[in-house]
Structures are given as C-alpha cells and as structure tokens.
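Visitor: This structure is in structure tokens; I'll ask about it shortly.
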Amino acid sequence: MPSRLLYLVRHGEQDRPEEEADTGLSERGRRQATLLGERLRGTRFAAVHHGPARRAAETAALVAASLPGVPVREDDRAGDHMPHDTDPAGLPERYAAFLAGFTERERRDGPRVTAEAAARFAAAPAEGDVRELVVTHNFLVAWLVRGALEAPERRWIGLNQQNCGLTVIRYSSGGPPTLVALNDVAHLPPELRATGLPDDYRI
C-alpha cells in the first residue's frame with residue numbers, strides 16, 4: 001500500500017535572531033546542518049523541501065550537499081507560520097502571553113497555510129512509496145506531530161524541536177500515521193544541542 005515517509009527538520013541555529021527576523025545560520029547552525037546531512041547520506045529522498053527563510057534555505061543546502069542528485073525546492077507551505085488560532089483560556093500564563101503576540105493577519109493566514117502544508121506533506125501518496133525531507137520551523141513540526149498523535153489542537157504549543165533535530169512520520173493508506181522518530185539529535189554532539197527550552201518559539 002502507498003506510504004509517505006516524511007522527515008521533518010527544524011532549521012539550524014539562527015545567527016543573531018534578536019537583531020533581525022530573517023538572518024542565516026550561526027556557525028553552530030552550519031555545523032548542525034552539516035552533521036545532519038552526514039547522517040542522512042545515502043537516504044533516497046524524492047526531494048528536499050524548505051521554507052523561504054534564509055535559515056531554512058541554508059540548512060537545506062548544507063544537508064543536500066550530502067544528498068547528490070536529490071532536488072531541493074523552496075515551498076512557502078514549509079515556512080514559519082502560526083498553525084492554529086488557539087484560545088488561550090485555561091493555558092499557563094506563559095503560553096497565553098506567547099499567543100497574544102500574534103497579529104490578526106498571522107492568526108488568519110497561518111492556519112490556512114498550515115492546512116495546505118498538511119494536505120501536501122502529511123498524507124499517503126496516491127501510489128508507490130515516497131520519502132521526502134522538509135526543512136521547516138518549530139511550529140509546523142509541532143503541528144504535524146500533534147496531528148499524528150491525534151492530540152488536542154492546542155498541544156502544538158510546548159512541543160519544542162531542537163535545531164536540526166530529526167522527526168519522522170509515516171503516512172500510509174492502510175492506517176493512521178506512525179511517529180517513527182521524534183526530535184532525534186543522535187547526530188549532534190552535546191555541545192551542539194539545546195540546553196533548555198527556547199524563550200522565543202519562533203527562532
């Protein structure tokens with residue numbers, strides 16, 4: 001039966017995120033992406049997709065350097081967007097304050113783009129077996145993990161991915177999604193792993 005093995009990666013560590021919204025990777029981020037590429041070397045991907053942000057594009061390019069012949073494609077659906085306009089009622093104060101920081105436009109457009117991303121990437125193909133890599137941001141990974149686990153919509157908040165952590169979900173026409181790997185950083189030495197939860201969920 002047809003299946004899609006979807007590899008999801010949060011981009012590498014961003015350089016100077018406090019100074020500019022769309023900067024590229026830090027030196028640590030470049031090293032993270034290079035090591036991820038080495039781990040995935042030889043994997044037969046149909047394509048590597050990435051969002052339009054510089055940090056995602058640079059991560060995808062560094063990973064793809066270990067995947068000769070695999071096409072690399074920019075896709076707005078893999079961008080950094082709010083996946084769900086979540087009601088803050090009953091959430092911890094920190095999460096409620098986080099949600100309050102989104103604009104009306106982000107609340108309107110983000111869930112629409114996320115639904116398009118899920119329709120494109122989080123489903124079994126019409127035929128055959130497909131393996132794809134998506135270099136994206138924390139929000140989309142969290143949303144797709146939440147969906148695979150059939151968790152409440154608000155549970156995308158608090159699911160924090162490490163930079164260049166690897167999450168794998170299998171989508172099959174024969175049953176519900178299978179979470180194969182979650183936030184796997186075995187390819188990163190301890191000094192390239194996060195030491196705690198990020199203060200800014202968007203970086």
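Visitor: Within the stretch 143-187, how many residues are hydroxyl-bearing (Ser, Thr, Tyr) and farther than 25 Å from Gly110 by Cβ?
Guide: 3
Visitor: Let me ask something else about it. What residue, of Thr43, Thr23, is among the hydroxyl-bearing types (Ser, Thr, Tyr) and in contact with an Asp or Glu (Cβ under 6 Å, 6 or more places away or on another chain)?
Guide: Thr23
Visitor: Under 30 Å from Arg107 (Cβ atoms), surrounded by fewer than 17 Cβ atoms within 10 Å (Cβ to Cβ) and at pLDDT 95 or above: does that describe Arg55?
Guide: no
Visitor: Any idea which residue in the stretch 1-14 is nearest to Pro177 (Cα to Cα), counting only those that are in a loop (DSSP other than H, G, I, E, B) and within 18 Å of the chain's Cα centre (by Cα)?
Guide: For the stretch 1-14, the residue satisfying everything is His11.
Visitor: May I pose another question? Just one of the numbered conditions (1) within 16 Å of the chain's Cα centre (by Cα); (2) among the hydrophobic types (A, V, I, L, M, F, W, C); (3) part of a helix (DSSP H, G or I) is not true of Leu35; which one?
Guide: Of everything listed in (1) within 16 Å of the chain's Cα centre (by Cα); (2) among the hydrophobic types (A, V, I, L, M, F, W, C); (3) part of a helix (DSSP H, G or I), Leu35 misses just condition (1).
Visitor: Something else now. What are the residues in the stretch 140-182 that are within 19 Å of Gly12 (Cβ to Cβ) and β-branched (Val, Ile, Thr), if any?
Guide: Result: Val141, Thr167, Val168.
Visitor: Step by step: first the residues of the stretch 8-39, then only those that are in contact with a strand residue (DSSP E or B) (Cβ under 7 Å, 6 or more places away or on another chain) and surrounded by fewer than 22 Cβ atoms within 10 Å (Cβ to Cβ), then the one that is modelled with the highest pLDDT. Which residue is that?
Guide: Top of the filtered list is Ser26.
Visitor: If Gly42 satisfies all but one of (1) within 19 Å of Val168 (Cβ to Cβ); (2) in contact with a strand residue (DSSP E or B) (Cβ under 9 Å, 6 or more places away or on another chain), what's the number of the condition it fails?
Guide: (2)
Visitor: Out of curiosity, is Leu159 over 21 Å from Pro71 (Cβ atoms), surrounded by fewer than 17 Cβ atoms within 10 Å (Cβ to Cβ) and either among the aliphatic types (A, V, I, L, M) or touching a Leu at 6+ places or on another chain (Cβ under 8 Å) (or both)?
Guide: Taking the combined requirement at face value, the residue does not satisfy it.
The values are calculated or read from the model by the stated rules, or taken from the named source; none is laboratory data. What you see is a predicted model, and the numbers here were worked out from it, not measured in a lab. We place every Cβ from the backbone using ideal geometry, glycine too, and count neighbours over all the protein chains shown.
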